[in-house]
Each structure stands twice: as structure tokens, then as C-alpha cells.
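Here is the structure we will look at.
Where a number appears in this text, it was derived from the coordinates with a stated rule and is not lab data. Just so it is clear, the model here is predicted, and its values are computed rather than measured. Heads up, the Cβs are rebuilt from the backbone with ideal geometry, glycines too, and the neighbour counts pull from every protein chain shown.
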Amino acid sequence: MNLVRPIVLAAALAAAPAALAQVAVTDAWVRGTVASQKATGAFMQLKSASDVSLVGASSPVAGIVEIHEMKMDAGVMRMSAVAALPLPAGKTVELKPGGYHVMLMALKAPLKEGDAVQVTLTFKDRDGRESAVVVNAPVKSLTAAPATAPAHGKHRRHHVIGIAKLAQHTLQPALDKGRRLRQQLVTHRDWLQR
């Protein structure tokens, strides 16, 4: 019984390089953060030699790492976790701002431009075999555009404006609640001073 485990482990390790070589990761990067920010995205292009799915990710810089999708729903940009992202054989799948991405949450420290972030991607093939690819992604500035986007002009401006609108839309309910609470406190203070 004790000999079975080492043999199975050795067979799995021998098969791992072939599985790992099937997924190519290019143009990987992570968006930088500000001091109190606890989440950010990792972006890249994935191309697989065979049909596989991206089923998970991990990173030492984050407590929680998930595969997310952003899409418009009734005029509102929504983000949600996905269980698996299919990678059809021979086709490039882009993880980019405003689309699919790796979400790094519960960050342990701010990520500064120039840092490198290790992300381990987990893939599963049609037979249920898992493999992992380790990516060292450079951290780019908070306002960085995807590598495939033009550096200047309307297209980049559109991305920056879109990110600003998304941030405003996300933060607006909290800001409104803060204003209401402040007004209630001022009213209560005025009432107590009478």
C-alpha cells in the first residue's frame, strides 16, 4: 500500500510537463493599487494546444483569487465569479479589463508599479486532469490600459473613462449613504443644542 502512493505521484509528475506545455500565457500584468485598496485584477492572454478550461488561480499576495467576468446587464456593468473559463484549442482567450480577468482579493499589501506578482493558474482538460502554470506578472500603474490597446487616442481614453464611471457607479451608493448619515447627525446635533 505504501509503494502505491509514490508510484502514482511519480506518474503524475512525469505527465505534468506535457500538460503544462499545452497552455501559453502571454502579456500578463496586474493593475497596481492604492494604499487601502484590497482588490485588483490580473490580465493576460491564454492559448491552449487542446481544449481545456481555466478552473482556478492562487497567489501569495492575495487571500482570495477567483476568475471573474464583467459584462453589461440592463445597462449596468456587473462582475461575477465563474467556475470555469473554456479555452478552445488553438484560440487565444484574452483576460482584460472590462471582460474576463483573474480577481485578486483580500490583498496582503499594496501593489506598486514595477513589482512582480506570482499567479498560479489551474487548468482542467476534458478528462478531468488538472495542470498548473505559474505566471510572474509585472504590476502596472492604476490607469494602465491593456497591452493590446493603443497607448493614446480615443480608445485608451474610452478605457480610462469607463474605469472611472465604473468606480463612480460602484462607490456612489456608499457616498450617498454617508451623506444621509452626516445629515442625520447634523440634524440630531442641532436638535440636542436647542
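One table, with the values for the structure above:
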| item | result |
| --- | --- |
| Cα-based reach from Lys47 at 16 Å (exclusive), listing lysines while leaving out same-chain residues under 8 positions away | Lys91, Lys96, Lys124 |
| Around Gln45: net Lys/Arg minus Asp/Glu count, Cβ-Cβ under 10 Å | 0 |
| Ranked by how many other beta carbons lie within 10 Å on average, peptides 98-105, 66-73 from highest | 98-105, 66-73 |
| Formal net charge of residues neighbouring Glu66 (Cβ-Cβ distance under 15 Å; K, R +1; D, E -1) | +1 |
| At R0 = 22 Å, FRET efficiency that the Cβ-Cβ distance of Ala74 and Gln184 yields, to 0.05 | 0.10 |
